[in-house]
Amino acid sequence: MRLAMDPTARWLILCCLVAAFAYSPIFNNGFIGDDYVILQRTEILKAHPFYLYHVPPENFRSVSYVIFGVLKTFAGYRAWLFYVFNIGLHLANIVLLFRLLQIVLKDDVTARLAVLLFAVFQAPQEAIMWLAAMNETTLFFFTLLVLLFWSRKRHAAAALAYSFALFSKESAIIIPVLVLLLDLHTKRKPVWQSYAFLAIPSAGFALIFLFTATKNFLLTTGAYSVRPGAVLVLGRSLHRLLWPWFYIFLIFTWANTRRMPSLSRLAWYLSGLIVTMLPYIFIAYQTSLPSRQLYLASAMLVTLFALLLRPLHGTPALSIAVFAFIVFNVGYLWVRKDAQFEERAAPTTQLISVLRQHAPQKTAIRNFPYPYPEIATAATLAVPGWDGFVVVTDRSANCTDCLQLDWNSSDRRYDLVQRP
């Protein structure tokens with residue numbers, strides 16, 4: 001006798017399969033840049049467990065380091081297994097997001113639509129396609145656990161999940177605001193005494209952050225700073241997120257039904273979207289947020305998309321809109337983004353390939369494209385026999401007894417420089 005599968009379970013399996021297919025091209029990309037530094041640091045942490053407190057804010061990304069360390073123990077430098085884990089984390093986030101939206105929206109149609117769109121939405125692709133950005137997928141995972149536990153009045157469990165979130169990434173400090181928004185949206189009167197459960201981890205975070213601020217390279221290098229330009233970063237990032245699908249769905253739904261969701265409801269979710277972006281808007285090295293920092297915001301955005309498309313339920317127009325969204329985003333990931341990530345991985349992938357053809361020796365690299373020499377030295381640890389050798393990265397290196405390599409950016413390979 002065959003047991004019928006629950007329709008919700010079938011839908012979530014479908015969403016997970018579509019998401020896995022969308023991101024499957026990354027399996028052969030190899031590690032990228034900072035991935036090697038994290039892999040190197042996992043070995044340092046075995047001897048010096050508090051090492052990350054010397055390189056803040058990496059101490060607030062400890063969860064990623066633990067994951068990297070465990071995976072490295074079993075997988076070594078086989079990057080595809082790391083990608084399997086991160087995609088699996090994305091699939092878990094799809095399921096958790098659906099459970100949360102069931103509570104928040106009280107409308108399974110909109111919740112199902114939102115998670116399907118989230119499964120393939122390419123805007124936050126860096127969080128999934130770059131392993132060093134795994135802190136965003138882990139942050140999202142624990143954020144959803146906080147909100148789900150809180151909705152069930154399991155405040156102690158929510159506080160524990162919040163603690164893990166704070167050590168997934170420091171931007172988790174906005175979670176209490178999201179909890180308050182959840183209480184207000186579900187029309188539950190906030191019980192301020194229960195917020196003490198969240199106040200304790202927040203206070204601990206604040207103390208550690210202040211204690212390590214003078215060593216925090218994001219602050220000391222000026223990569224993040226409080227300045228009026230943050231408003232422009234927020235506006236530009238918000239526009240880039242909304243464009244073009246928000247406007248397409250808005251016009252498409254109105255053209256087909258002459259109906260729209262209430263403006264107050266759209267404004268509510270737009271406000272939540274802005275809140276998720278606030279910890280990041282003080283970046284000084286570019287004018288809009290990197291895609292990895294839009295993972296949590298994208299969950300809010302696809303909920304907005306689903307609300308816009310909800311009036312089309314039961315009509316062919318909805319299938320057309322969703323199909324177009326999936327095809328475009330999956331195609332964009334496969335054709336455009338995968339090639340970009342392969343290009344980003346090339347300097348270290350090619351370096352490892354070249355080193356395997358030579359005996360371990362002092363090496364000078366000219367025109368190394370990454371800004372941090374540590375990436376090159378960390379990458380050499382993936383080559384058997386090169387452990388402990390230093391790769392010198394100097395554009396004007398004049399090392400007569402060194403293996404000399406010159407990065408050729410146009411061909412994406414290293415040219416061997418003949419010794420004099």
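Details
To keep it simple, each residue is scored yes or no on (1) at pLDDT 95 or above; (2) in contact with a Pro (Cβ under 6 Å, 6 or more places away or on another chain); (3) not β-branched (Val, Ile, Thr).
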{"site": "THR212", "(1), (2), (3)": "yes, yes, no"}
{"site": "PHE217", "(1), (2), (3)": "no, no, yes"}
{"site": "THR220", "(1), (2), (3)": "no, no, no"}
{"site": "TYR224", "(1), (2), (3)": "no, no, yes"}
{"site": "PRO228", "(1), (2), (3)": "no, no, yes"}
{"site": "VAL233", "(1), (2), (3)": "yes, no, no"}
{"site": "SER237", "(1), (2), (3)": "yes, no, yes"}
{"site": "PHE249", "(1), (2), (3)": "yes, no, yes"}
{"site": "PHE252", "(1), (2), (3)": "yes, no, yes"}
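- Residue check, LEU263 loosely packed, with under 15 Cβ neighbours inside 10 Å, hydrophobic (A, V, I, L, M, F, W, C), at pLDDT below 95 and out of contact with any His (no Cβ under 6 Å at 6 or more places or on another chain): yes
- The residues in the stretch 350-376 that are exposed (fewer than 15 other Cβ atoms within 10 Å of the Cβ) and not in a loop (DSSP other than H, G, I, E, B) can be counted, and the count is 1.
- Within this structure, SER262 fails the test of being small (Gly, Ala, Ser) and closer than 16 Å to SER171 by Cβ.
- Pair list, Cβ under 7 Å, 6 or more apart: the stretch 397-409 residue farther than 10 Å from PHE368 by Cβ, other residue modelled with pLDDT under 75 and loosely packed, with under 12 Cβ neighbours inside 10 Å: THR400/ARG419; THR400/PRO420; GLN404/ARG419
- Residue among ALA223, ALA199, ALA255 that is closer than 22 Å to ALA165 by Cα, in the same structural domain as ILE283 (by TED's automatic domain parsing), of a type outside the set (Phe, Trp, Tyr) and surrounded by fewer than 17 Cβ atoms within 10 Å (Cβ to Cβ): ALA199
- Total residues in the stretch 109-127, condition buried (at least 23 other Cβ atoms within 10 Å of the Cβ), more than 14 Å from TRP245 (Cβ to Cβ) and either out of contact with any Leu (no Cβ under 7 Å at 6 or more places or on another chain) or of a type in the set (Phe, Trp, Tyr) (or both): 2
- Some residue of the stretch 67-77 being basic (Lys, Arg) and closer than 19 Å to LEU144 by Cβ: no
- The requirement of being at pLDDT 95 or above, in a helix (DSSP H, G or I) and surrounded by fewer than 19 Cβ atoms within 10 Å (Cβ to Cβ) is satisfied by VAL327.
- Residue list for the stretch 381-420, filter: within 32 Å of the chain's Cα centre (by Cα), crowded, with 20+ Cβ neighbours inside 10 Å and either at pLDDT below 90 or of a type in the set (Asp, Glu) (or both): TRP386, VAL391, THR393
- Tally, over the stretch 37-96, of residues that are within 30 Å of PHE121 (Cα to Cα) and without any contact (Cβ under 8 Å) to a residue 12 or more places away in the chain: 6
- Qualifying residue in the stretch 253-267 (condition: without any contact (Cβ under 8 Å) to a residue 12 or more places away in the chain, among the hydroxyl-bearing types (Ser, Thr, Tyr) and part of a helix (DSSP H, G or I)): yes
- Only residues that are under 21 Å from LEU238 (Cα atoms) and either touching a Gly at 6+ places or on another chain (Cβ under 6 Å) or at pLDDT below 95 (or both) were counted in the stretch 121-172, giving 0.
- Number of the exception - THR287 against (1) farther than 19 Å from THR143 by Cα; (2) assigned to a helix (DSSP H, G or I); (3) of a type in the set (Val, Ile, Thr): (2)
- Only one entry of VAL231, VAL275 meets the criterion of being touching a helix residue (DSSP H, G or I) at 6+ places or on another chain (Cβ under 6 Å) and assigned by TED's automatic domain parsing to the domain that holds GLU136, and that entry is VAL275.
- When TYR295, TYR285 are checked against the criterion of being of a type outside the set (Asp, Glu), buried (at least 18 other Cβ atoms within 10 Å of the Cβ), assigned by TED's automatic domain parsing to the domain that holds LEU131 and in contact (Cβ under 8 Å) with a residue 12 or more places away in the chain, TYR295 stands alone in meeting it.
- A Cβ distance below 7 Å, combined with a sequence gap of six or more or placement on separate chains, defines the contacts here; from the stretch 126-155, residues that are in the same structural domain as ARG336 (by TED's automatic domain parsing) and without any contact (Cβ under 8 Å) to a residue 24 or more places away in the chain reach residues that are hydrophobic (A, V, I, L, M, F, W, C) and assigned to a helix (DSSP H, G or I) in the pairs PHE149/ALA157; PHE149/ALA158; PHE149/ALA161.
- Residues of the stretch 330-342 classified as under 20 Å from TYR77 (Cβ atoms) and loosely packed, with under 14 Cβ neighbours inside 10 Å, total: 0
The values are calculated or read from the model by the stated rules, or taken from the named source; none is laboratory data. It should be emphasised that the depicted structure is a prediction, and the values quoted were computed from it without experimental measurement. Positions of Cβ are generated from backbone atoms using ideal geometry, with glycine treated the same way; all protein chains shown enter the neighbour counts.
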